[in-house]
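Trainee: Pasting a structure here, questions to come.
The values are calculated or read from the model by the stated rules, or taken from the named source; none is laboratory data. Computed from a prediction, not measured in an experiment: that's the story for all the values here. FYI the Cβ positions are ideal-geometry reconstructions off the backbone, even for glycines, and counts take in every protein chain you see. These accessible areas exclude ligands, DNA and RNA; they are computed on the full protein's heavy atoms, side chains included. Shrake-Rupley method; radii C 1.70, N 1.55, O 1.52, S 1.80 Å.
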Amino acid sequence: MLPEFARTSVIWGPVIAMGIFAAMLLLALGVNLFVKQAINQRKRRSPDGIDTLMMASLKGPVVLFIVIFGVFLWFITLTEITHPAFNFIQGWDNYARKVWLAVIILEVSFAASHLLQSVVRWYIKQIASRTASTVDNKIAPIISRFIPAVIYPLGILVALDTVGVSINPLLAGMGIGGIAVALALSPTIASYIAGTYIVTEGRIKEGDYIELEGGPAGFVLDVGWRSTTVRSRFNNIVIIPNSKLSESIITNYSAPTPVLTGSVECGVSYESNLDEVERISLEVARQVVKESPVGYEEFEPRVRFASFGDSNIDFRVVFQATDRVGSLEIQSQIIKRLHQRFIGEGIEINYPVRKLLFPKGTGQSLTPGPG
């Protein structure tokens, strides 16, 4: 690289080496300005284009690569000087080449991480925000965080192996350490794994009203990777680990639609006219559903007689509401109005009673005697 007169000169050799380094710095500056101008022009045409983001993410790694390459050429040039003043760096060129190869690997890792993160950010902004599904909105940020955590360690291991450092002990140590960390964080890891199923399946979404078997019930506020947040009907926040959620039987009152079928169970005395009871019950149910803002009028209320009870003939009034909370409101209104109508119509709802029959001539009486 150096001419013969500069190899033996204590002045010209370093001057040429510094000149090469200065030229690389100027090249880096020119590339930086050129890429910046290109990015500005692309932003005017397509400010959110993926090509603009890719150019912006690669600008820094490319400029850094040129600067480091200039340092490498400067050092290699100095090692070619044969003047006695530079004997202390003679023979270091082989080590410099190994280090340079390791730097290239690290630079590629750096550029790849920046590039992939830019693509993920573009996807979140341009694609995920416009889709109806919320799965990609939750998965994409996690992928963006994991990209450098995966690429950088791999790049460092390959770079160390390139310069001659044995990575087998490191891999063994990482394996043992990984096992220890996995055991220590097993509950958290289990919740994260369960969260991947919950998020990707999409059976529980924000705004759904769910109820766990033997557990809390409420509206889903957030489905995260570690836990799910629910607002109970008492307006309290309940945080459920996803590992517990995945193992429970869950009733989702908002799926497949929020419309919910409710019922009011009642009973009338055996002396009642059941046709009249059915007519009044239907009138009350229809009126409540029609007047209520949470009533679902596309469903016709129904009356179904269920059984001969101990004191009454049991029946239920079936209706539909727009959601779970609405069904409770309509249920309350039907009970109040049905009770009022039955009183007005003279229809009796018996208390639990027992009718005792005695054989004739036994002289038994239900009237309590004195004493």
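Trainee: Quick check on the range 294-317. Is at least one of its residues open to solvent by less than 100 Å² (accessible area, probe 1.4 Å) and assigned to a helix (DSSP H, G or I)?
Mentor: no
Trainee: Next up: If you go through the range 229-247 one residue at a time, do you hit one that is under 28 Å from residue 337 (Cβ atoms) and in contact with a Phe, Trp or Tyr (Cβ under 7 Å, 6 or more places away or on another chain)?
Mentor: no
Trainee: Hey, another quick one. What do you reckon, is residue 358 at pLDDT below 90 and more than 39 Å from the chain's Cα centre (by Cα)?
Mentor: The answer is yes for residue 358.
Trainee: Just to be sure I understand, how many residues within the range 313-345 are at pLDDT below 90 and more than 46 Å from the chain's Cα centre (by Cα)?
Mentor: Qualifying residue count, the range 313-345: 0.
Trainee: Another question about this same structure. Answer with yes or no whether residue 254 is touching a residue at least 60 places away in the same chain (Cβ under 8 Å) and over 30 Å from residue 339 (Cα atoms).
Mentor: In short, yes.
Trainee: When you look at residue 203, is it at pLDDT 80 or above and under 20 Å from the mean Cα position of the chain (by Cα), yes or no?
Mentor: In short, no.
Trainee: Could you please find all residues in the range 74-105 being at pLDDT 80 or above and surrounded by fewer than 17 Cβ atoms within 10 Å (Cβ to Cβ)?
Mentor: 101, 104
Trainee: Can you pull out the residues in the range 48-65 that are assigned to a helix (DSSP H, G or I), among the charged types (D, E, K, R) and within 29 Å of the chain's Cα centre (by Cα)?
Mentor: Within the range 48-65, just 51 meets the criteria.
Trainee: Look at residue 305 and say whether it is aromatic (Phe, Trp, Tyr), more than 23 Å from residue 233 (Cα to Cα), at pLDDT 90 or above and touching a Lys or Arg at 6+ places or on another chain (Cβ under 7 Å).
Mentor: It is false that residue 305 is aromatic (Phe, Trp, Tyr), more than 23 Å from residue 233 (Cα to Cα), at pLDDT 90 or above and touching a Lys or Arg at 6+ places or on another chain (Cβ under 7 Å).
Trainee: When you look at residue 264, is it surrounded by 19 or more Cβ atoms within 10 Å (Cβ to Cβ) and on the phi < 0 side of the Ramachandran plot, yes or no?
Mentor: yes
Trainee: Do we have any residue at all in the range 174-190 that's among the β-branched types (Val, Ile, Thr), at pLDDT 75 or above, under 29 Å from residue 227 (Cβ atoms) and assigned to a helix (DSSP H, G or I)?
Mentor: no
Trainee: Please determine, by comparing only the residues of the range 322-350 that are in contact (Cβ under 8 Å) with a residue 60 or more places away in the chain, part of a helix (DSSP H, G or I) and polar (S, T, N, Q), which one is nearest to residue 269 (Cα to Cα).
Mentor: The residue in question is 331.
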